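Here is the structure we will look at.
The values are calculated or read from the model by the stated rules, or taken from the named source; none is laboratory data. Owing to the predicted nature of the structure, the values given are computational and were not obtained by experimental measurement. For neighbour counting, all protein chains shown are included, and Cβ atoms are generated from backbone atoms with ideal geometry for every residue, glycine included. We work out accessible area using only protein heavy atoms, side chains counted, and drop any ligands, DNA or RNA first. Shrake-Rupley method; radii C 1.70, N 1.55, O 1.52, S 1.80 Å.
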Amino acid sequence: MAPRRSSKTPKTRSAEDGLPSREEILAFVAEHPGEAGKREIARAFGIKGGARIALKRILKDLTDDGLIEKRGKRLARPGDLPSVTVVKVVSRDEAGEPVAIPVAWDADEHGEPPTVLVIPLRGKQPGPAPGINDRVLVRIAEAPADLGVAYLGRTIKVLEQKRSSVLGVLRLNPDGTGRIVPVDRKQKELTVEKGNIGTAEDGDLVEVEPQRAGRYGLPSATIRESIGSMDSEKAISMIALHAHGIPHVFPAAVLTEAEEAKPAPLQGREDWRELPLVTIDPPDAKDHDDAVFAEPDTASDNEGGVIVTVAIADVSWYVRPGSALDREALLRGNSVYFPDRVIPMLPERISNDLCSLREAEDRAAIAVRMIYGADGRKRSHSFHRVMMRSAARLAYQEAQAAIDGNASERTAPLLEPILKPLWQAYEVLKRGRAAREPLDLDLPERKIKLKEDGTVDRIVVPERLDAHKLIEEFMIQANVAAAETLEKKRTPLLYRIHDTPSPEKLEALRDFLSSIDIKLSRDGNLRPAAFNGILARVKDTEQAGLVNEVVLRTQAQAEYAPGNIGHFGLNLRRYAHFTSPIRRYADLIVHRGLVRALDLGAGALPDGIEERLESIGSEISAAERRAMAAERDTIDRLVAHWLVDHVGAQFTGRISGVTRSGLFVRLDESGADGFVPASTLGDEYFHYDEERHAMVGEKTGETHQLGDTVDVRLAEAAPLAGALRFELLSEGRYLKRKVAPRRTGKPPFRKGGARKGGNKGRPPRSRR
């Protein structure tokens, strides 16, 4: 480690007093890393005239002795870092803060690199917080002795992570050598010698380590791992993991900590094992982190009221602040879900075992008991740290079938004591929801069904049942209760915030709605109800899906932050995520806050967390966006693989997006998205009409508008990129022409030079 700088301040002196000593000069250089040059030293010590020659001689002697070194016009002690430098994050300290080492460090000359604690610049993190292996541009400052690091590094910018490996597809040459086509199209192709191919086969997705490039030809590489055929879902999800830098291998210390965890004891908890809580999840769910129960309120002053109980796995008991599990969970931010694979935030020993609320097994939980009046408004709530035992593990379809009169042998005994009271409570809560008027978008999610070999079997739109809505509303109410409790107790927390739509997006929405004869109020206090009125007008019409999509695009993206601005979409003043601590780090923060606020025992939120919550919120918000992008890219690639054998086939779809570059089309049957380049639309010029979200022919007025039903031919499927290119077969509509004037430098598109596009640029679906 570099020697620590002295805190001694040099005395300013005149030339008549003599020159500063070598020790004083060294102290000054140490206190001004990257800033001390001959001129600065002369100014600090008052050296003028001919004395500067003598100073120059002293500095040369110090340099020759190896006590200082020149860095341009500046001087520094060997091993001292420049005032601004690039560091690589290699670990986290006990508080979870990133610890880094300098990238440009000569270990042979200076020994072990100094450690740098990376902290925000002026109290605010500029962009996403740095994670392990990220490179960060920092401003160096001296660290207090009690921190155990040599320097503080105030973040200027988080730079792009430097990857040590490349993911690509192996193409074998006739002579036995190989060629790597990288997944990232920005990277150059690589060559692989025959002896470095191993067991990989032609067409396999492989991870390679690039070697030093020669003066001529393509750089070479060595295959580290053969992931397998590109036709498998595993290979496609690996592309997304690699492309988005998502951690997917747990370090040994994390796995060891998880395996050594013991079941939580009953001591210090309320015994709720006789309460018949049940879990209701998708049929293929592997972890169950929430359970529910409801009953009528028998209090004389709450006729028609209900009591709703939501119990959530007590992850805070097992994942303590500063532990290896905690640091890895923060690094991942959340679990990532692919069609047939989950990259969990926590190891399976925690997520699928100790914290999974399994049927008929004792499990630790944090529960909230909420009392509602007959009008659906919450009267009170209380939190409890409990030991519970799930009475049943149910699937959504199974529970719904029982309520609809098709109870199975398994659900029949649960119908009267458990299921009917849950649905009766939901009817009460729906009244409160209706009065609140949250944003009510209808955007069915398509789900990919895979075959046993990992390839696409079919794409379906699962029916949205009351069972889904029941669990969703119960979870929303539990999240609100958590935020209210922590706010009342003045305990730090991460809110789930959702800002109002920006004026620019609202204006664009008004322009679009006016093209279909719908008006949006210009009232400055716009609420979700205004959007709901529009959605109600187009319900069950051909325009319904389109308008729902455009309203979604108008919304801001939800995120995590310690400062509360409310949740616009849910129309709630305060909201925090509490119900999924197995898969979201934000919920774990809230659980720890409740333990601290209510004095519930071990695993509480640590002191001093307030200073880090802003950067944690930024980091996990970025991780959430990263996961959404990876999930979407994987679906795009799977669909492109599925359709690659259907090039030339005709499909019916709807125009889902219009840009100057062309049209985005979503197919009706599969929901697959593809692109029609503007240059292929016809034999005339087509102008982009931003107001009407349309491409309009200059001569004829032929119009292709957002929402139009169209017939297309699949011209190209690019599985590696996850892109589809269509040819438009349908003739457009002929409206009253409203052609935008030609702009200098932006000529309209003409036929020829088709641009190959995909479905990139589609807005991510917001997550509440």
Taking θ as phi - 60°, what are the ³J(HN,Hα) couplings along region 334-348 by the Karplus curve (6.51, -1.76, 1.60), each to the nearest whole Hz, with x for Gly and Pro? 6, 6, 10, 10, 10, x, 9, 7, 10, 9, x, 6, 10, x, 4
Mind ranking Glu233, Glu31 by accessible surface for me, highest first, 1.4 Å probe? Glu31, Glu233
So which of Lys286/Lys447; Lys88/Lys188; Lys378/Lys488 end up more than 20 Å apart, counting from Cα to Cα? Lys88/Lys188
Write down the accessible area per residue of region 327-410 in Å², having rolled a 1.4 Å probe over the full set of protein chains. 39 Å²
Counting only protein heavy atoms and rolling a 1.4 Å probe, one gets per residue an accessible area for region 602-744 in Å² of 41 Å²
In terms of Cα to Cα distance under 18 Å, which aspartates and glutamates are near enough to Lys56, apart from those fewer than 8 places away along the same chain? Glu16, Asp17, Glu23, Glu24, Glu35, Glu40, Asp64, Asp65, Glu69
Shape call for the chain, from the Cα gyration tensor axes a ≥ b ≥ c (a/c under 1.5 means rounded, otherwise prolate when a/b beats b/c, else oblate), comes out oblate
For a quick check: with amide H placed at 1.01 Å from N, whose amide H comes under 5 Å from Asp708's, ignoring anything fewer than 5 positions away on the same chain? Ile655
Can you find, among Gly566, Leu546, Ala536, the residue sitting farthest towards the positive end of the charge dipole of region 526-575, where Lys and Arg contribute +1 and Asp and Glu -1 at Cβ? Gly566
Compute, for the chain, the length of the dipole vector about the Cα centre, with Cβ point charges of +1 (Lys, Arg) and -1 (Asp, Glu) only. Units Debye, rounded to 20. 3580 debye
Through the Karplus equation 6.51 cos²θ - 1.76 cosθ + 1.60, θ set to phi - 60°, convert the phi angles of region 690-705 into ³J(HN,Hα) values in whole Hz; use x for Gly and Pro. 4, 5, 8, 6, 8, 9, 10, x, 5, 8, 9, x, 4, 10, 10, 10
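Counting only protein heavy atoms, what percent of the accessible surface of the chain is carbon or sulfur at a 1.4 Å probe? Could you put the intermediate results ahead of the total?
Working: 17350 of 36540 Å².
Result for the chain: 47 percent of the exposed heavy-atom area is carbon or sulfur.
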Check the straight Cα-Cα distances from Lys451 and name the aspartates and glutamates below 18 Å, setting aside those fewer than 8 residues away within the same chain. Asp231, Glu233, Asp284, Asp340, Asp636, Asp645
Qualifying GluC sites (Glu not before Pro) for region 381-462 [loop in DSSP, other Cβ within 10 Å: at most 16]: Glu409, Glu445, Glu452
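State the antiparallel share, in %, of DSSP beta bridges confined to the chain, rounding to the nearest 5.
In the chain, approximately 90 percent of DSSP beta bridges are antiparallel ones.
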Sequence of Lys489, Lys505, Lys262 when ordered by accessible area, the most exposed leading, probe 1.4 angstrom: Lys262, Lys489, Lys505
Sparsely packed GluC sites (Glu not before Pro) within region 531-587, loop by DSSP, other Cβ within 10 Å at most 16: Glu542
Using the heavy atoms of the protein chains and a 1.4 angstrom probe, tell me the accessible area per residue for region 196-301 in square angstrom. 54 Å²
Please say if region 435-523 is rounded, prolate or oblate, where rounded means a/c under 1.5 for a ≥ b ≥ c the square roots of the C-alpha gyration tensor eigenvalues, and otherwise the choice is prolate for a/b larger than b/c and oblate otherwise? oblate
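Using a 1.4 Å probe and counting only protein heavy atoms, arrange Thr485, Thr541 so the residue with the most accessible area comes first.
Heavy-atom accessible area, descending, gives Thr541, Thr485.
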Under a 5 Å amide H to amide H cut-off, with H placed in plane at 1.01 Å, what residues pair with Thr659 once short-range neighbours are removed? Phe664
Identify, among Thr309, Pro296, Leu266, the residue whose Cα sits farthest towards the positive end of the charge dipole of region 265-313, taking +1 on the Cβ of Lys and Arg and -1 on the Cβ of Asp and Glu, with the dipole about the Cα centre. Leu266
